[in-house]
Each structure stands twice: as C-alpha cells, then as structure tokens.
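Student: Have a look at the structure that comes next, please.
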Number of protein chains: 4
Amino acid sequence: MPSVTVWNEYIHEREDDAVAEVYPDGIHAAIAAALDERGHETRTATLEEPEHGLTEAVLDDTDVLLWWGHIAHDEVDDSVVDRVVERVTEGMGLIVLHSAHASKPFTRLLGTPCDLTWREGDERERLWITDPGHAIVDGLGESIVIEETETYGEPFGIPEPDSLVFTSWFEGGEVFRSGCCYRRGRGKVFYFRPGHETYPIYHRDDIQQVLDNAVRWAAPSEGADAHGGNRNVDPPEST
Amino acid sequence: MPSVTVWNEYIHEREDDAVAEVYPDGIHAAIAAALDERGHETRTATLEEPEHGLTEAVLDDTDVLLWWGHIAHDEVDDSVVDRVVERVTEGMGLIVLHSAHASKPFTRLLGTPCDLTWREGDERERLWITDPGHAIVDGLGESIVIEETETYGEPFGIPEPDSLVFTSWFEGGEVFRSGCCYRRGRGKVFYFRPGHETYPIYHRDDIQQVLDNAVRWAAPSEGADAHGGNRNVDPPEST
Amino acid sequence: MPSVTVWNEYIHEREDDAVAEVYPDGIHAAIAAALDERGHETRTATLEEPEHGLTEAVLDDTDVLLWWGHIAHDEVDDSVVDRVVERVTEGMGLIVLHSAHASKPFTRLLGTPCDLTWREGDERERLWITDPGHAIVDGLGESIVIEETETYGEPFGIPEPDSLVFTSWFEGGEVFRSGCCYRRGRGKVFYFRPGHETYPIYHRDDIQQVLDNAVRWAAPSEGADAHGGNRNVDPPEST
Amino acid sequence: MPSVTVWNEYIHEREDDAVAEVYPDGIHAAIAAALDERGHETRTATLEEPEHGLTEAVLDDTDVLLWWGHIAHDEVDDSVVDRVVERVTEGMGLIVLHSAHASKPFTRLLGTPCDLTWREGDERERLWITDPGHAIVDGLGESIVIEETETYGEPFGIPEPDSLVFTSWFEGGEVFRSGCCYRRGRGKVFYFRPGHETYPIYHRDDIQQVLDNAVRWAAPSEGADAHGGNRNVDPPEST
C-alpha cells in the first residue's frame with residue numbers, strides 16, 4: 001500500500017469554532033484516519049511545523065501527498081514548494097483538495113492561475129461521473145450528491161485535464177470540473193473539489209472512497225531507468 | 001471563406017407540423033442561410049437526395065460539413081459514410097449537431113458509442129464556456145442560456161475531447177459536455193449540443209455565431225505534403 | 001492477475017518455413033507462453049477457429065486481448081470485430097501488435113486509417129522511452145535495441161496518443177511512435193510496434209516485459225456504475 | 001497580421017566570433033527580419049535592455065513572443081517572467097526556441113524541468129512531420145533535413161504535448177520531440193527545437209516558414225468574455 005502524507009494549513013480549525021466542531025483535530029487528521037482505516041500507511045504534516053512538516057526525509061518516504069490549504073497559500077515557503085514539485089516530477093503522487101486549487105504546488109505544476117468563481121450559498125452539488133471507467137471512481141454509482149456546500153464555477157483556469165473524472169452541477173446554476181487528472185514528469189496529480197472546511201464532507205464514506213481510489217491511482221510505478229537532466233551524452237553504443 | 005455543406009436527414013420537418021412551423025424549409029436551410037449571411041459559401045444536402053447529396057464532387061468542394069440527424073441514422077448508406085470519414089481524415093472539417101451524436105460519421109470517427117442520457121422536459125439550459133480563449137467562442141459572453149430545450153446527461157460515451165469548449169447545466173439536475181473538439185487525421189471535428197428540432201434554437205444569433213466560429217476553426221489548413229498510406233519506401237536520401 | 005487472450009491470424013507461420021522456424025507454434029503461442037510464465041492466465045485464439053476463437057464466452061472471460069494480424073485483416077468477420085470493439089468500450093484492454101496497426105479492431109477504435117510507411121531492410125531499431133514514469137516501462141532502461149527488424153516510418157495516421165511511451169529510431173533514417181496509449185470508453189488500448197514475423201522479437205525478455213507491463217496496465221478497473229446508453233431518464237432525485 | 005516581439009539573451013553573438021559570423025546582429029535580428037519579410041510587424045528585445053525590453057507596454061502590444069536563451073536563463077528577472085507568463089495565460093502566443101527549453105517562461109508554463117540530453121557532434125538531423133495536417137507545417141514536405149547541428153535526446157521532461165508536430169531523427173542514434181504545442185490559459189505555446197547559435201539554421205527558408213506558420217497559429221483569437229479570477233459571484237440570473 002502507498003505511504004501517504006496528508007498536509008493541511010490547519011488554521012480554520014484552530015481559529016473558528018464552527019470549523020473546529022466539524023474537524024476537531026483538523027481536516028488532515030480526519031482524512032488521515034479515513035485512509036488509515038482503508039489500509040494506507042498515513043502521516044500528517046501542517047504549516048506550522050518546521051519546514052511545514054515536509055522535510056526531505058518525509059517526502060522521500062511519501063508515495064502520495066494530499067494537500068489542503070485555503071487562506072495561507074502565501075505562507076508556504078518556496079523552498080518547500082520546490083521540494084514538493086521536484087518530488088512530483090520524480091514520481092510522488094499529489095492530490096489537491098478543494099481550495100488548494102490556488103495553492104503553490106498545484107499552480108506551479110499546472111503553469112496557470114487555476115482561478116475560478118465561487119459563492120457560499122449552501123447549495124446542493126451533484127458530482128456527475130464523466131469518466132466511469134476510471135480507477136478513481138471504482139465502486140461509485142453515477143453521481144455523488146452533497147446537500148449543502150460552497151459553489152465553484154467555470155471558467156476554471158487550468159490546462160485541459162488528461163482525464164476529466166467528475167463534473168459538478170450546482171443548484172444555483174453553475175457547473176465545475178471537479179475531478180481532474182494530470183501527469184507531470186513521473187508524477188500523477190489529481191484535483192478533487194469537495195471539502196470546504198465548514199461542511200462535514202470528508203467524513204462521508206463516498207468521498208473517502210474517492211480519496212482512497214485516488215491514492216492508489218496516484219501511487220508511483222517503478223518506471224524506466226531513463227533520465228534527461230540536461231546532460232551531455234555520448235552516442236548510444238552502435239547507435 | 002470556407003465552402004460549407006449543411007447536411008440534414010430532413011424528416012421531422014416534413015412529417016411533423018410543430019417542427020415545420022419552427023423550420024419550414026428544414027433545419028439545413030435555416031443553418032445554411034445563417035452561415036451564408038455571415039459570408040460563407042453554403043450549400044445543403046439531405047438524406048433523400050441521390051447519394052444523400054454527398055457525391056464525390058460535392059465533398060471535394062466542401063471545406064466544412066455540418067451534420068444534423070436524429071431518427072434515420074441507420075438509413076445513411078455506409079459507402080457515403082466511408083466517403084465522409086475519409087474526407088475528414090484528409091482535412092475536411094466536420095461539425096456534428098445535437099442528436100447527430102449517434103450518427104454514423106461521428107461514432108465512426110470517434111470509435112465509441114457516443115451514447116448519453118436524455119429527457120424531454122422543456123428545461124432551461126446554460127452552456128458555460130470552459131475554454132474562453134478558444135476560437136469557437138470568439139465574441140461570446142460567459143455563457144449561453146436556452147430557456148427551453150431537451151436535456152442531455154452524462155456519461156457521454158466519447159473519448160476525452162482535445163478541448164472542452166462548452167459544458168451545459170440543466171435545470172433538472174444534469175451536466176453535459178456540449179462543445180467538444182477533436183482531430184482525426186488532417187480534419188477537425190466539433191460536436192455542438194444545442195438544436196433540438198422542436199425548439200427555434202438555430203434561429204438564435206449566439207448559436208449562429210458559434211456555428212460561424214466553428215466553421216472558421218474547422219476549415220482545413222494546407223498542411224504538409226507528408227503521407228503514410230502503408231507504402232513501402234526507400235531510405236531517405238543520405239538518411 | 002488479468003485473464004489474457006492472445007489472438008493471431010496464424011498464417012505466416014503455417015505457410016512460410018522461415019517464419020515457422022522462428023515461431024513453430026505461432027506467434028500467439030510464443031506470447032501466451034511468455035505471459036503465462038509471468039503469472040497471467042492465458043489462452044489463445046486464431047482466425048481459422050469458429051468465430052475466430054472470440055466467442056461471447058471467451059471475450060466475457062478476457063480482461064486483456066492481444067492482437068496480431070498482417071495479411072488477413074479483411075478476413076476477420078465484422079460481427080466479431082463489433083464484439084471486440086464493444087467489449088473494449090465496456091472495459092476490456094486491447095494490446096495491438098506490430099502490423100495489426102491496420103487491423104479492423106484498432107482502426108475502428110481509433111477512427112483513422114492508422115497507415116504508415118515501411119521498409120524491409122534488416123535495420124537496427126532503437127526504441128527510446130519517451131514517458132519514463134509510465135507503468136508500461138516498469139523495470140526497463142532508457143531504450144530497447146533490436147539489431148535487425150522491419151522499419152516503420154511517420155506519418156503514422158493515428159489520433160494524438162494520450163501517452164506516447166516509446167519512439168523508435170531506425171538506422172535507415174526513420175522515426176516512429178512505437179508505443180501509444182489510448183482510452184476508448186472504459187477500455188485501455190496500447191499499440192506496440194515491435195514484432196515482425198520473421199524476427200525472433202517476441203522471444204526477447206525485454207519485449208516480454210513490456211507485454212507483461214502492458215497487460216497489467218490495460219486490465220480493467222471496476223469503475224463506476226454510471227451508464228449512458230441513449231436512455232430517457234427522470235430528473236435526479238431532488239435534482 | 002500579428003504583432004511579434006523576438007526576444008534573445010544576445011550573449012553568444014557578442015562574445016564569440018564564430019557565432020557573430022553566423023548572426024552578426026544577433027539571432028533576434030535574423031528572425032525578426034525573416035518574419036518582417038513575411039509580413040509581420042516585428043520588434044526585438046534583449047536581456048541587457050531595461051526590463052529586458054519586455055515592458056508592460058511592449059507586451060501589451062505583442063501578439064506573439066519568440067524566446068531564445070541559452071546560458072543566461074537565471075539572469076532573467078522573475079518579475080519579467082511573471083509578466084510574460086501572465087500575458088500568455090491572457091492570450092499572447094509564445095514560441096520557445098531550441099535551448100530555451102530550459103528558460104524560465106517555458107518551464108514555468110509547463111510545470112516540469114523540460115530537461116533533455118544533448119551532444120555537440122555536428123550530426124545530421126531529420127525533422128519528421130508527425131502531424132501533417134497542422135497549420136504549423138503548412139507548405140512543407142515530409143521532413144526537414146539539417147546537415148549539421150547539435151543533438152538533443154529523449155527523455156524530454158515535458159508534459160504530453162497537445163499536438164506533436166515534429167519528431168527528430170539524429171545520425172548519432174537519438175530521437176527528439178522537436179515541435180510541441182500546448183495551451184496555457186488563453187495562450188498558445190509552441191516549442192521548436194532547431195536553432196543552435198553556431199549553425200546558420202535561422203537563415204534557412206524552411207525554418208523561417210515554420211516560424212511564420214507558428215506565429216500565425218499562436219496569435220490570439222478574441223475568445224469569450226468569460227473570466228475566473230477567484231471572484232465571489234451571485235447566482236446567474238434565473239439560474
């Protein structure tokens with residue numbers, strides 16, 4: 001099973017009672033517990049830890065990193081972001097959650113602003129599965145309904161996904177590409193929209209199943225011993 | 001300006017008074033008139049004509065073919081379909097409209113069933129633009145609203161589009177990938193959802209503008225004089 | 001482990017002594033033995049068997065189908081091709097080998113002629129890995145060298161691959177996209193160039209490893225219980 | 001016609017007599033003259049100018065930016081890179097030449113290291129056209145041969161291109177994806193390999209034709225008035 005690190009900026013939960021009620025130990029703890037229950041070896045890391053908890057040693061031992069951030073994207077140190085981005089291109093999977101669409105690792109790997117429109121209206125969301133054969137939706141039905149959530153809207157400022165796994169419908173009139181797969185170097189990247197801090201979305205079984213599936217999908221394969229690296233080479237033997 | 005042929009099975013309009021009221025001379029005539037007004041050289045062709053109006057001569061003189069069909073997909077002769085498909089791979093643009101998602105040329109070029117769910121519920125549709133820099137949406141706003149239309153729903157059984165230009169929201173709860181771009185050989189293919197026969201959708205200025213843009217986008221470029229063709233070749237000169 | 005069926009037209013090996021020397025029991029037997037050794041449950045099927053050995057029952061029990069054909073593409077019955085194509089869109093993996101670029105299942109699923117240029121010149125080929133993190137190249141080095149083989153050349157008349165895993169260099173001056181991944185419906189498709197009938201290429205360990213990797217990659221995942229099917233639907237509960 | 005700016009670090013030509021002989025006024029001047037002759041309105045900009053010659057005013061008046069750099073990528077100011085990247089996502093085309101594969105704007109927009117292997121061996125290169133219907137190869141034959149050039153090799157550390165237009169064969173045994181198209185936001189990006197400073201490659205008519213074609217392809221279209229921008233929105237009128 002992949003070794004998983006769940007990263008969270010962990011601010012809302014400590015500063016806002018309403019959020020603390022939903023996630024008393026933080027969003028990271030809730031997600032890590034869910035993945036642990038499903039058999040993954042998990043650890044957590046947060047913004048306030050030294051090097052945000054993402055030391056070389058931690059990342060070297062991480063197959064898949066989950067990332068939740070919202071109000072403190074700018075406080076994430078660029079040297080840590082460099083390390084995360086480099087590890088992804090070397091093979092580490094990255095799962096980017098909800099408001100982390102605007103996080104440094106995601107925007108750096110995608111090369112675009114990844115901006116969107118949003119509204120806090122307690123609207124119903126229906127995530128339709130637009131790629132029913134994808135491993136990330138193993139075991140799901142045709143859609144996931146979330147009764148009350150924040151609304152995101154298009155245009156979502158991302159490059160065309162390699163696979164579009166979920167597309168959301170919102171009661172208030174919007175649509176959104178809610179599940180987007182990319183590859184960057186040897187690493188797989190999955191953006192998954194659900195999960196605002198004031199709703200108990202990460203406690204849901206179907207959402208946890210998607211995260212579990214996504215971790216398995218994003219785990220690195222061995223790959224080939226083939227490297228670029230801007231190195232000067234001799235001609236291949238016997239060309 | 002590209003030379004355009006608008007093909008229509010042209011059955012509903014002759015058999016159903018309600019449809020005839022909306023499109024007295026057929027959907028093809030309405031679309032052709034709109035494109036003609038916008039400066040394109042247009043002709044039409046229908047199912048009942050010899051070779052469905054799509055002779056070698058007509059296709060050789062067609063830069064972009066628009067295709068509308070619904071209840072008579074199976075009546076389209078395979079030899080004509082072969083000809084259309086071959087011309088697309090040679091460079092002719094193809095714009096596939098609404099219920100022609102299940103037409104022979106489209107399913108043949110995409111390689112999948114292109115099936116979907118549907119409902120006739122007079123629901124409101126909002127086509128969100130998910131690729132605002134694309135030439136097909138030149139001059140539009142952020143969405144197109146159609147007050148009453150047939151509903152289509154995911155999963156839409158298509159390969160991942162090269163570009164997803166429109167995603168529809170429907171009042172009744174569905175989403176749909178309503179504007180999808182592909183390339184097949186030298187030809188460009190655009191699927192565009194709006195346009196059920198009982199609604200006056202092709203009379204709308206915004207829809208006509210999309211069709212006009214799509215024709216310009218799908219028109220072939222000259223390309224290179226480079227060909228496969230399963231031919232035996234000598235080594236390139238001086239390799 | 002996936003259940004694998006290896007299909008071969010099985011003509012060259014019975015009619016040409018030079019080929020029979022390389023593959024005495026047929027290319028299919030050599031490939032099946034190699035996959036069997038690597039732990040897959042394998043069976044074979046050939047053109048001359050009833051329904052070409054690809055009955056409903058066989059396909060229903062096949063997770064991944066490998067396809068080798070060359071001089072008898074046209075003799076493959078369309079009803080069997082329909083069945084294969086349908087099974088792929090439902091999830092069965094398909095691995096298309098060498099001259100099967102022009103086979104009916106591959107061209108039907110891709111929607112283009114898949115033509116190319118070729119030369120029988122006993123030239124050296126080097127397959128460079130252009131996607132080193134892909135599961136299909138697990139355990140390989142930076143390239144595979146084949147000392148003598150048939151040459152294929154661009155342009156290869158295929159849609160842009162989802163992933164381009166191998167690109168070949170040929171002594172005589174050509175390049176070729178030799179490892180191409182696609183998805184069609186729920187099924188994964190991999191085209192892999194090596195393997196002309198007069199060279200012992202399928203006896204090589206590295207080539208067998210690619211086939212083993214490709215089978216694992218192409219095996220279906222469970223996916224979601226979400227279906228199109230051109231069916232009329234009620235609005236989703238509580239939209 | 002698009003308004004073009006050709007950017008060059010402009011160091012080799014001033015410091016190395018051999019380079020100065022090939023490009024006495026700099027690579028930028030040679031390219032700008034070629035594009036000017038083909039009808040484009042051109043200007044140039046270089047590293048040593050204030051803001052590297054890429055002021056807000058210059059970029060606001062640039063439809064397509066060409067970028068050549070090699071030994072001074074790190075000297076390009078990040079604030080200028082930010083401006084270039086932002087303009088690309090807003091629609092400006094970017095054509096990245098040869099050793100600028102490692103430039104800041106390109107790696108920032110692609111999100112990967114874009115590294116490769118290389119060798120200075122005066123080898124013959126043949127650029128095969130792998131996408132013969134693409135507008136970038138209008139008017140070309142089946143390949144472009146460069147008698148002596150620097151060699152680049154795979155793996156090229158880039159995301160899968162949207163379209164792979166050229167693939168190079170090198171005498172010494174390598175292949176390389178030499179013409180790669182991307183879209184980032186509203187902007188089109190084209191990487192084109194040929195053009196080492198010590199070879200007169202930009203003086204060639206066929207190479208100039210590719211640059212001319214690429215400029216036309218990369219020029220922005222009007223697009224839609226649809227914007228994300230992480231803004232809070234009201235529900236759309238009548239949803």
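Student: For region D:10-20, just list the computed ³J(HN,Hα) in residue order, Karplus coefficients 6.51, -1.76 and 1.60, θ = phi - 60°, integers in Hz, with x standing in for Gly and Pro.
Tutor: Once rounded to whole Hz, the list reads 6, 10, 3, 5, 8, 10, 10, 4, 4, 6, 4.
Student: Something else: Please give the charge dipole size of chain C, origin at the Cα centre, charges +1 on K and R Cβ atoms and -1 on D and E Cβ atoms. Round to the nearest 20 debye.
Tutor: Magnitude of the dipole: close to 840 debye.
Student: On to the next question. Which number do you get for Rg(Cα) / (2.2 N^0.38 Å) in region A:21-143?
Tutor: Dividing the Cα radius of gyration by 2.2 N^0.38 Å gives 1.15.
Student: In units of 2.2 N^0.38 Å, what is the alpha-carbon radius of gyration of chain D?
Tutor: 1.02
Student: Now a separate question. How big is the dipole moment of region B:146-239 about its Cα centre under a simple scheme where the beta carbon of each Lys and Arg is +1, that of each Asp and Glu is -1, and everything else is neutral? Debye, nearest 20, please.
Tutor: Using Cβ point charges on Lys, Arg, Asp and Glu, region B:146-239 gives about 360 debye.
Student: Same structure again: Can you give the % of DSSP beta bridges in chain C that are antiparallel, to the nearest 5?
Tutor: Here the antiparallel bridges make up roughly 55 percent for chain C.
Student: Can you give the average number of partner chain beta-carbon atoms within 10 Å of each beta-carbon in peptide D:89-98, as a whole number?
Tutor: 1
Student: In square angstrom and rounded to 100, what buried accessible area do you get between chains A and D, total over both, with the probe at 1.4 Å?
Tutor: Approximately 2600 Å², summed over both chains.
Student: Using the beta-carbon distance between B:Arg14 and D:Asp17 and R0 = 60 Å, what value does 1/(1 + (r/R0)^6) give for FRET efficiency, to the nearest 0.05?
Tutor: Efficiency, from the Cβ-Cβ distance: 0.15.
Student: Which of these, A:Gly139, A:Gly179, A:Gly223, has the largest mean-square fluctuation under a Gaussian network model of chain A (Cα springs below 10 Å)?
Tutor: A:Gly223
Student: Give me, ordered by chain and number, the residues 5 or more places off C:Gly185 or on other chains with an amide H under 5 Å from its own placed amide H.
Tutor: Residues meeting the criterion, in which the H sits 1.01 Å from N, do not exist here.
Student: Kindly state, as a whole number, the per residue volume in cubic angstrom of the convex hull around the alpha carbon atoms of region C:158-233.
Tutor: 133
Student: Another one. Please list 3J(HN,Hα) in residue order for region C:45-58, calculated via the Karplus relation 6.51 cos²θ - 1.76 cosθ + 1.60 where θ = phi - 60°; whole Hz, with x for glycine and proline.
Tutor: For region C:45-58, the Karplus curve yields 8, 9, 4, 6, 5, x, 6, 6, x, 10, 5, 3, 4, 5 Hz.
Student: Just checking the output field for C:159-166: average partner chain Cβ neighbours within 10 Å of each residue's Cβ?
Tutor: Taking the mean over all residues of the peptide, I get 5.
Student: Kindly report the accessible area of region D:3-104 per residue (heavy atoms of protein chains, probe 1.4 Å, no ligands, DNA or RNA), in Å².
Tutor: Value for region D:3-104: 39 Å² per residue.
Student: Scan around A:Gly93 for amide H atoms under 5 Å from its own, H built in the peptide plane at 1.01 Å from N, and keep only partners 5 or more places away or cross-chain.
Tutor: A:Val64, A:Leu65, A:Lys188
Student: Could you work out the local net charge near C:Ala30, counting Lys and Arg as +1, Asp and Glu as -1, over the other residues with Cβ closer than 12 Å to its Cβ?
Tutor: Net local charge, C:Ala30 excluded: -4.
Student: Please report, in debye to the nearest 20, how large the charge dipole of region B:85-126 is about its Cα centre when each Lys and Arg carries +1 at its beta carbon and each Asp and Glu carries -1 there.
Tutor: So the dipole magnitude of region B:85-126 works out to roughly 100 debye.
Student: To continue, here is another question. Considering only DSSP beta bridges with both partners in the protein assembly as shown, what is the antiparallel share in %, to the nearest 5?
Tutor: Expressed as a percentage, antiparallel bridges in the protein assembly as shown total about 55.
Student: Sequence neighbours fewer than 8 away in the same chain don't count; with that in mind, list the lysines whose C-alpha is under 24 Å from A:Lys104.
Tutor: Filter leaves A:Lys188, D:Lys104, D:Lys188.
Student: Please report the net charge: other residues with Cβ closer than 14 Å to the Cβ of C:Gly229, K and R +1, D and E -1.
Tutor: Within the 14 Å Cβ shell, the charges total -3.
Student: Report in % the part of the accessible area of region D:54-164 that belongs to carbon and sulfur, leaving out ligands and nucleic acids; probe 1.4 Å.
Tutor: Percent of accessible area from carbon and sulfur atoms in region D:54-164: 41.
Student: Further question on the same structure: Run through the other copies and list how far each one's label point is from that of D:Val145, in nm with one decimal, shortest first; the point sits 7 Å from Cα along Cα-Cβ.
Tutor: Between copies, matching label points for D:Val145 lie 2.5, 6.3, 6.8 nm apart.
Student: Okay, next question. If you project the alpha carbons of the protein assembly as shown onto their three principal axes, what span does each projection cover, largest first, in Å?
Tutor: 67, 67, 61
Student: For peptide A:141-147, how many partner chain Cβ atoms fall within 10 Å of a residue's Cβ, on average?
Tutor: Partner Cβ neighbours, averaged per residue: 4.
Student: What's the FRET efficiency of B:Asp77 with B:Arg204 using the Cβ-Cβ distance as r and R₀ = 25 Å, to the nearest 0.05?
Tutor: My answer for the efficiency is 0.15.
Student: Here is a follow-up. Run the paramagnetic zone check for B:Glu147: 7 angstrom along Cα to Cβ, then residues of region B:184-216 with backbone nitrogen under 13 Å.
Tutor: Residues B:200-201 qualify, since their backbone N sits under 13 Å from the label point.
Student: Under 5 Å between amide H atoms, partner at least 5 residues away or on a different chain: which partners does C:Trp68 have, H built in plane at 1.01 Å?
Tutor: Placed amide hydrogens put C:Trp7, C:Asn8, C:Glu9 under 5 Å from C:Trp68.
Student: For region A:174-181, in order, what is each residue's ³J(HN,Hα) by Karplus, 6.51 cos²θ - 1.76 cosθ + 1.60 with θ = phi - 60°, in whole Hz (x at glycine and Pro)?
Tutor: These are the phi-based 3J(HN,Hα) values: 9, 10, 7, 7, 8, x, 10, 9 Hz.
Student: A follow-up question, please. Semi-axes of the equivalent ellipsoid for region D:1-93, please: Cα gyration tensor eigenvalues, times 5, square-rooted, ordered largest first, whole Å.
Tutor: Those come to 22, 18, 9 Å.
Student: Quote the Stokes-Einstein diffusion coefficient, in whole µm² s⁻¹, for region A:108-194, based on the Kirkwood radius over alpha carbon pairs, a temperature of 20 °C and a viscosity of 1.002 mPa s.
Tutor: It diffuses with D of about 159 µm²/s by this estimate.
Student: Would you give the gap between the C-alpha center of region C:36-91 and the C-alpha center of region A:130-194, rounded to a whole Å?
Tutor: Spelled out, the Cα-based centre of one part sits 34 Å from the other.
Student: Once label points are set 7 Å from the Cα along Cα→Cβ at both C:Asp225 and B:Ser238, what is their separation, rounded to one decimal in nm?
Tutor: For the pair C:Asp225/B:Ser238, the computed spacing is 6.7 nm.
Student: Picking from C:Val81, C:Trp7, C:Pro113, whose Cα lies most toward the positive end of the charge dipole for region C:1-139 (charges on Cβ: Lys, Arg +1; Asp, Glu -1)?
Tutor: Farthest towards the positive pole: C:Pro113.
Student: Taking Cα atoms of region A:134-184, Rg/Rh with Kirkwood Rh, to two decimals?
Tutor: Looking at region A:134-184, the ratio lands at 0.98.
Student: In addition: Once both labels are modelled 7 Å past Cα along the beta-carbon direction, what's the C:Glu37-D:Glu86 spacing in nm?
Tutor: 6.1
The values are calculated or read from the model by the stated rules, or taken from the named source; none is laboratory data. Note that the structure is predicted; figures quoted are calculated from it, not measured. Don't worry about glycine lacking a Cβ; one is built from the backbone with ideal geometry, like all the others, and counts go over all protein chains shown. Side chains are part of the model used for accessible areas, which takes the heavy atoms of the whole protein and leaves out ligands, DNA and RNA. Shrake-Rupley method; radii C 1.70, N 1.55, O 1.52, S 1.80 Å.
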